[in-house]
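Below is one structure, written out as structure tokens; the observations come after it.
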Amino acid sequence: MNKIFKTLLFTISCILMFNTAPAQNVKSPLEEIVYLFRNNKIEDVTRYFDNFVPVSINNNASNYSRNQAGLVVKDFFDKNPVRDFNVMDSGTPSPTSRSMIATFSSNSGRYTLYLLVKQKDNNNYVIKEIKISKQ
């Protein structure tokens, strides 16, 4: 009886451990985007772009389609790969949006990054605006 109880307890513990482990790895969209920037996975960042995205790099601003914005941002980060990335501030300008200000360094200097992320529908978030400026 004691051996059955221990086996049952062990089995239940394993089930609980494996059922809760994936939930601990779930990141918010902004956390995922930060992770992608920190690890120079810019192509993966671009999948979060909205259909049209205002992009500003060193005060050169323009509205781009998702694909164009992806090319512009990827080109910038190909030339300036992230070496160090620190989130300075993040907030919630509205119930359906998140913003972030971060600094990062590359071989060519230090930059400030501003992102505005909005909830498009229930679980999908999109980058609505991105600004990069050299410090």
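The values are calculated or read from the model by the stated rules, or taken from the named source; none is laboratory data. Because the structure is a prediction, the values reported are computed rather than measured. With ideal geometry, Cβ positions are generated from the backbone for all residues, glycine too; neighbour counts draw on all protein chains shown. In case anyone asks, the SASA skips ligands and DNA or RNA and just uses the protein heavy atoms, side chains included. Shrake-Rupley method; radii C 1.70, N 1.55, O 1.52, S 1.80 Å.
Evaluate the stretch 97-106: report whether one residue or more is open to solvent by 40 Å² or more (accessible area, probe 1.4 Å), among the β-branched types (Val, Ile, Thr), within 25 Å of residue 28 (Cβ to Cβ) and part of a loop (DSSP other than H, G, I, E, B). Within the stretch 97-106, not a single residue is open to solvent by 40 Å² or more (accessible area, probe 1.4 Å), among the β-branched types (Val, Ile, Thr), within 25 Å of residue 28 (Cβ to Cβ) and part of a loop (DSSP other than H, G, I, E, B).
Residue 109 meets all of the listed conditions (1) closer than 18 Å to residue 40 by Cα; (2) surrounded by 11 or more Cβ atoms within 10 Å (Cβ to Cβ) but one, namely (2). Consider the stretch 49-87 and keep the residues that are in a helix (DSSP H, G or I), in contact (Cβ under 8 Å) with a residue 12 or more places away in the chain and open to solvent by 40 Å² or more (accessible area, probe 1.4 Å). The one that is farthest from residue 33 (Cα to Cα) is 79. In the stretch 36-47 there is at least one residue matching the filter, namely being open to solvent by 80 Å² or more (accessible area, probe 1.4 Å), within 15 Å of residue 102 (Cα to Cα) and modelled with pLDDT of 90 or more.
Cβ-Cβ contacts under 8 Å between residues 6 or more apart (or on different chains), taken from a first residue in the stretch 36-48 that is touching a residue at least 40 places away in the same chain (Cβ under 8 Å) to a second residue that is part of a helix (DSSP H, G or I) and aliphatic (A, V, I, L, M), are listed as 37/45; 45/33; 45/36; 45/73; 48/33. Give the stretch 111-129 a look and list any residue that's touching a Phe, Trp or Tyr at 6+ places or on another chain (Cβ under 7 Å) and more than 17 Å from residue 31 (Cβ to Cβ), or say none. Scanning the stretch 111-129 gives a single hit, 111.
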